[in-house]
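> Supplied in structure tokens, the structure appears directly below.
A short reminder: the numbers here are calculations on the coordinates, not readings from a lab. The structure presented is a predicted model; accordingly, all values stated were derived computationally and were not measured. Because the Cβ atoms are built from the backbone with ideal geometry, glycine has one as well, and the counts that use them run over all protein chains shown.
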Amino acid sequence: MRLVVPGQHAMGNCCWTQCFGLLCQERGLMQTGGSGTGSKCFRACPRVRDLIFWRDVKKTGFVFGTTLIMLLSLAAFSVISVVSYLILALLSVTISFRVYKSVIQAVQKSEEGHPFKAYLDVDITLSSEAFHNYMNAAMVHVNRALKLIIRLFLVEDLVDSLKLAVFMWLMTYVGAVFNGITLLILAELLVFSVPIVYEKYKTQIDHYVGIARDQTKSIVEK
């Protein structure tokens, strides 16, 4: 994977959408070339776009709040404790609802049956064909990752291997300040805030980003 010099892009393009588009190119979600990199990639995954752009406030708020609470819990407690508490909370809700419905049915002498019967009857069996399809799709990504790792560590391209070495060296300083959970929390906050802020203030942000790019390019040329 090669780095892209920021000055080579037009001022009107968004930095994070270009990076997201490059990631989609790597994953085969879109075709290379052409304009509108970020929009093409988002058209390939419209649910993700709607989620991070807060198109449905309730759905995005639920996903954002749930994942943020999960990450904050993992930062304060062990994984075993967090998983145990989550399972206990879920069981508390389902058992309480089951007992409540049983009492209501006994008082009203109704025969509604099990309150979760509709969900219990859902066929969630994974067929062998579907399993093989998922495995084949996963193996494609695994093989790409293995090939990339071999290229980098066996120095097929010296520049790419040096980039990885520099990146890992910088990450040692990041790791000295933040742990993995903290970085995930920051990443989630950025994912759910940067896109909507950029969409609202696109003109102003592009203007100042363009000025910064021009200044950087002129300094590099000198």
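> I'd like the distance between the alpha-carbon centres of region 159-183 and region 73-133, rounded to an integer number of Å.
If we compute the Cα centre of each part, the gap is 41 Å.
> Just subtract the alpha-carbon distance of Lys58 and Phe77 from 0.36 nm times their residue separation and send over the number in nm, one decimal.
Computed gain between Lys58 and Phe77 is 4.1 nm.
> Suppose the chain between Val103 and Leu146 were pulled fully straight at 0.36 nm per residue; how much longer would it get relative to their current alpha carbon spacing?
Using 0.36 nm per residue and subtracting the Cα-Cα distance, I get 9.8 nm.
> Which GluC sites (Glu not before Pro) from region 117-215 combine a DSSP loop assignment with at most 15 other Cβ atoms within 10 Å?
When the GluC sites (Glu not before Pro) of region 117-215 are filtered for loop state and at most 15 Cβ neighbours within 10 Å, Glu156 remain.
> Please compute the modelled spin-label separation between Ala212 and Ala176, points set 7 Å along Cα→Cβ, answer in nm with one decimal.
2.5 nm
> So, one more: How many nm separate the modelled label positions at Leu68 and Leu91, each set 7 Å beyond the Cα in the direction of the Cβ?
Roughly 3.0 nm, to one decimal.
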